[in-house]
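First comes the structure, then the notes that go with it.
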There are 4 protein chains.
Amino acid sequence: MQKRDRLHIWTEQGNVTISQLFFSHYKAINVKDEEAILLLHLIAFGEAGNRFPTPQNLVERTHFNENKVVNILQRLVQKGLVQIEQHIDSNGVRFEYYAFQNLWNLLLNCVEEEENSVEEEHSKTEEG
Amino acid sequence: MQKRDRLHIWTEQGNVTISQLFFSHYKAINVKDEEAILLLHLIAFGEAGNRFPTPQNLVERTHFNENKVVNILQRLVQKGLVQIEQHIDSNGVRFEYYAFQNLWNLLLNCVEEEENSVEEEHSKTEEG
Amino acid sequence: MQKRDRLHIWTEQGNVTISQLFFSHYKAINVKDEEAILLLHLIAFGEAGNRFPTPQNLVERTHFNENKVVNILQRLVQKGLVQIEQHIDSNGVRFEYYAFQNLWNLLLNCVEEEENSVEEEHSKTEEG
Amino acid sequence: MQKRDRLHIWTEQGNVTISQLFFSHYKAINVKDEEAILLLHLIAFGEAGNRFPTPQNLVERTHFNENKVVNILQRLVQKGLVQIEQHIDSNGVRFEYYAFQNLWNLLLNCVEEEENSVEEEHSKTEEG
């Protein structure tokens with residue numbers, strides 16, 4: 001195997017793309033920092049093709065032990081920030097994956113509320 | 001102000017793009033989870049045009065208090081994961097920004113070492 | 001000025017992030033290939049902070065001459081794929097920018113129609 | 001099947017992430033606009049998991065006919081902008097894929113040359 005140059009290694013890793021909305025508003029929807037980092041790992045795994053990483057996968061990438069990972073995952077599901085959904089592929093095999101639709105909706109609700117309250121402020125000032 | 005639809009709000013937020021390398025290897029270069037989330041916030045601010053967010057900016061987006069943020073930032077600088085660099089713009093104004101070049105290099109070193117050790121394994125097996 | 005390594009140059013360039021939807025469906029909404037490449041340039045300029053590149057900016061990055069660029073831009077606006085919007089910044093300065101909201105909506109309409117027709121197929125088969 | 005909202009459809013599409021370097025410098029390395037759009041399609045397919053799209057795949061997404069697509073692909077390979085590489089997976093199955101390493105290197109060479117000539121200008125001015 002020929003040694004590859006560093007740029008080659010870099011560009012082959014692939015990227016994770018996350019809305020700025022996540023970073024600017026996760027606190028506002030009551031996501032803790034340790035939940036945020038785990039969510040980001042779930043998203044990163046998903047973008048790399050593994051949409052249902054195991055607790056062990058997450059233990060390998062973080063400093064959390066398995067109990068802690070399972071505990072955070074349960075909280076994420078209970079809070080409705082992550083859904084475990086099922087899909088049946090073309091061979092009839094059932095598989096599960098983490099879905100983040102509700103998370104995106106909660107973040108957007110937050111921005112909408114901010115925009116509405118800014119608008120109300122404006123209205124008050126104009127009416128004043 | 002007309003109310004904008006949700007897709008409009010979503011697409012206007014912009015994105016943060018981060019190498020998969022960060023998520024797969026930050027633990028291996030001894031970055032703690034709380035350092036990881038702060039690094040991600042620094043990168044997110046940078047991509048949105050604010051390359052030198054204040055501790056207060058970071059307090060607003062996380063559950064850390066200002067002492068904690070300053071403490072983590074200092075550790076990141078001491079460990080060489082973040083550099084504070086200076087630039088003089090075209091108007092002669094000096095400004096500072098966070099640079100992550102060393103972080104990317106450390107992550108890449110990690111992958112190179114892994115590839116080398118895999119290669120050595122192969123060599124041993126073949127020679128064996 | 002110290003010579004920077006290649007990885008440093010690479011990571012400093014920044015990225016352009018575009019929905020897969022654009023590549024998979026621009027043809028279906030009747031966007032020509034030369035319009036597609038110009039749209040991508042507009043988006044790339046926008047993500048780098050220049051939300052209203054001039055025809056000359058676009059001439060420098062493509063093999064089109066200025067007439068051709070102006071001609072394609074006009075078509076994009078006429079087809080409603082790009083809007084020229086105005087904004088007044090905090091100093092009262094008016095500026096213009098290209099907006100792509102309508103483009104995203106047209107692409108989404110396309111996917112929705114596809115999903116609906118798939119659903120109708122299913123209904124027919126089940127009823128059949 | 002329940003009808004999904006538009007944001008859901010949007011976020012499920014996934015993204016394509018491309019270095020700004022591509023847009024700013026493809027012309028400088030003598031890539032034509034029609035070659036650029038085809039390269040972008042190859043990259044988009046690759047990021048969606050199809051690293052060796054057929055000419056027919058590309059015909060479906062562009063206004064080029066199959067002859068034209070094959071013709072552009074051949075030029076991209078001849079110019080060394082795209083490599084067709086082979087890989088053998090863990091089941092011993094050989095598969096091919098398009099690689100862009102040379103393209104990234106050519107774009108970087110371009111930036112390096114620009115930086116060098118700027119530096120020489122500075123040196124001359126200072127010496128002058």
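Worth pointing out:
- Every pair of residues 6+ apart whose Cβ atoms lie under 7 Å, when the first sits in segment D:105-128 and is at the interface with another protein chain (Cβ under 9 Å from one of its Cβ atoms) while the second is open to solvent by 50 Å² or more (accessible area, probe 1.4 Å) and modelled with pLDDT under 85: D:119/C:1
- Assessment of segment B:59-78 against the conditions (among the acidic types (Asp, Glu) and at pLDDT below 95) yields no matching residue.
- Identity of the residue in segment D:11-28, over 11 Å from the mean Cα position of the chain (by Cα) and hydroxyl-bearing (Ser, Thr, Tyr), that ends up farthest from residue B:12 (Cα to Cα): D:24
- Selection count, segment C:92-104, where residues are in contact (Cβ under 8 Å) with a residue 40 or more places away in the chain and either in contact with a Leu (Cβ under 8 Å, 6 or more places away or on another chain) or open to solvent by less than 30 Å² (accessible area, probe 1.4 Å) (or both): 5
The values are calculated or read from the model by the stated rules, or taken from the named source; none is laboratory data. Small disclaimer: the values here were computed from a predicted structure and weren't measured. Here Cβ is always computed from backbone atoms with ideal geometry, including for glycine, and neighbour counts include all displayed protein chains. Each accessible area value is taken on the protein alone, full model and side chains, heavy atoms only, with ligands, DNA and RNA left out. Shrake-Rupley method; radii C 1.70, N 1.55, O 1.52, S 1.80 Å.
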